[in-house]
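One structure below.
The values are calculated or read from the model by the stated rules, or taken from the named source; none is laboratory data. A quick note: this is a predicted structure, and the numbers were derived from the prediction, not measured. Because the Cβ atoms are built from the backbone with ideal geometry, glycine has one as well, and the counts that use them run over all protein chains shown. Accessible surface is based on the protein model in full, side chains and every heavy atom, while ligands, DNA and RNA are left aside. Shrake-Rupley method; radii C 1.70, N 1.55, O 1.52, S 1.80 Å.
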Amino acid sequence: MKIAGVPYRSIWVDEEDGWSVRIFDQTRLPWAVETLRLTDEEQVAQAIRSMQTRGAPLIGATAAYGLALALRRDPSTENLERVAAMLGETRPTAINLRWALERMLEALRNQPPERRAEAAYAEAKAICDDDVETNRRIGEHGLELLRGIAARKQAEGRGGEPVNVLTHCNAGWIATVDYGTALSPIYQAFDEGMKVHVWVDETRPRNQGAALTAWELGAHGVPHTVVSDNAGGHLMQHGQVDIVIVGTDRVTRNGDVANKIGTYLKALAAKDNGVPFWVALPHSTYDPRVADGVREIPIEERSAAEVTDITGRAPDGSLVTVRVAAEGSDAANPAFDVTPARLVTGLITERGRCDASAEGLAGLYPEHG
């Protein structure tokens, strides 16, 4: 995607030295567009833990490059296994992290040590290229849904109305290597001239919607409106949402969906109001080893300070962090929730769309049997 007309991916090898890795510091967005230079696996791990880099597909790609950086210094089998295990522990919920590291290990274990670093960079690049093409195809399959809504409005004499999409958290290009998952159909619809408008959930407590999704959409020129997390049900009741599209950090073999906390409540509201609730699913996020999402997917518990405190821009332009909770109050901060498959209209994958069910997923991914 583009920033000020310049195309970017969310992660790349620094052209100046040919080996260090650059990412956008997402903790600085939307107030400043800054990049971080990562030179070893410890910096990569810290960037993932601190959410300087975030989004399920992107943290997988970042971890892959972290392994390449580590092997550049020490290509031994012991270091390969140690660093892969260390990086795999940085975030527990998104399965893309484990998927990317397992793919890297499979590609590197049988390589002689002297070839491992070069092979690791090549495999990390392949993971990034695969993510870009996957997300482009997700966009194509999701675009068909938006076209259908636009055509229905036209037939009903409401052709002047935009297609209203509600999304939660950030599943755009800054959360992937490029295109995004849930936002990919929206970008493609906008680029072909469709009237589209996005309701952007603020997504407390880290405000990824208000900070990142709104920034992305604004940079691309897509009309959007930021709303409080609790406004979605109201908008649906009043016919102001045509479709909900969200991303995901893990989908089980039965179609349960783990995503940013608050997604489950949006799905309940959508079900009650007859609004289609679709989930954009790249193959790297599908976890056929898990059946029951509520019972089996580990839910990351993040710092209470993310709930009790908030950071924003003061009138003088400075960034300040203030406490919004009563002094002395404890806070819990589960970062994700699980939406049962029964509440999901369907899944948008790079191979097409399917029901959120074991049968639907098996039809698109028969290799997982």
| query | For Arg49, what charge total do you get from the other residues with a beta carbon under 12 Å from its beta carbon, if Lys and Arg give +1 and Asp and Glu give -1? | reply | 0
| query | Per residue, how many Å² of accessible area does segment 2-128 show with a 1.4 Å probe? | reply | 44 Å²
| query | Taking only pairs that are 8 or more places apart or on different chains, how many Lys pairs in the chain have Cα atoms under 22 angstrom apart? | reply | 5
| task | May I ask you to give the solvent-accessible area per residue for segment 163-265, in square angstrom, as obtained with a 1.4 angstrom probe? | result | 28 Å²
| task | Between Arg152 and Asn110, with labels modelled 7 Å along Cα→Cβ, what's the label distance in nm to one decimal, could you check? | result | 5.0 nm
| Added length on full extension, which subtracts the Cα-Cα distance from 0.36 nm per residue, Trp19 to Glu133 | 38.7 nm
| said: So if each residue of separation counts as 0.36 nm, and I subtract the Cα-Cα distance between Ala32 and Ser303, what length gain in nm does that give? | reply: 95.2 nm
| request: Nearest 5 is fine: what % of DSSP beta bridges in the chain come out antiparallel, could you say? | output: 55 percent
| query | Helix hunt in the chain: which complete DSSP H runs extend at least 24 Å axially by C-alpha with mean Kyte-Doolittle at least -1.0? | reply | 56-73, 113-155
| task | List every residue whose amide H lies under 5 Å from the amide H of Trp12, counting only residues 5 or more places away in sequence or on a different chain, with H placed 1.01 Å from N in the peptide plane. | result | Arg22
| query | Given a 1.4 Å probe, how much area per residue of segment 314-361 is accessible, in Å²? | reply | 51 Å²
| FRET efficiency, Arg323 to Glu296 (Cβ-Cβ, R0 45 Å, nearest 0.05) | 0.80
| query | What is the diffusion coefficient of segment 2-128 in µm²/s, taking the Kirkwood radius over Cα pairs and the Stokes-Einstein relation at 37 °C with a viscosity of 0.692 mPa s? | reply | 226 µm²/s
| request: For the chain, build the charge dipole from Cβ charges (+1 Lys, Arg; -1 Asp, Glu) around the Cα centre, then report which of Tyr179, Val324, Leu143 sits farthest towards its positive end. | output: Leu143
| Sites Gln237 and Glu161 - FRET efficiency at Förster radius 25 Å, r taken between beta-carbons, to 0.05 | 0.90
| Among residues other than Thr203 whose Cβ falls under 10 Å from its Cβ, what is the net charge (Lys/Arg +1, Asp/Glu -1)? | 0
| task | State the percentage of accessible surface on the chain attributable to carbon and sulfur atoms; use a 1.4 Å probe and exclude ligands, DNA and RNA. | result | 49 percent
| note | In whole angstrom, the spacing between the Cα centers of segment 125-149 and segment 243-275 equals 19 Å
| message | 5 Å is the cut-off here: which amide hydrogens, built 1.01 Å from N in the peptide plane, fall below it relative to Asp309, excluding neighbours closer than 5 in sequence? | response | Val324
| message | Given an 8 Å cut-off on Cα distances and at least 6 residues of separation, report the relative contact order of the chain as a percent. | response | 15 percent
| task | First select every other residue whose beta carbon is under 12 angstrom from the beta carbon of Ala94; then total the charges, Lys and Arg +1, Asp and Glu -1. | result | +2
| remark: Long-range amide H partners of Asp256, meaning residues 5 or more apart or on another chain whose placed amide H is closer than 5 Å, are Gly293, Ala341
| query | For segment 145-368, rounded, prolate or oblate, judged on the Cα gyration tensor with a ≥ b ≥ c (square roots of eigenvalues), a/c < 1.5 rounded, else prolate if a/b > b/c? | reply | oblate
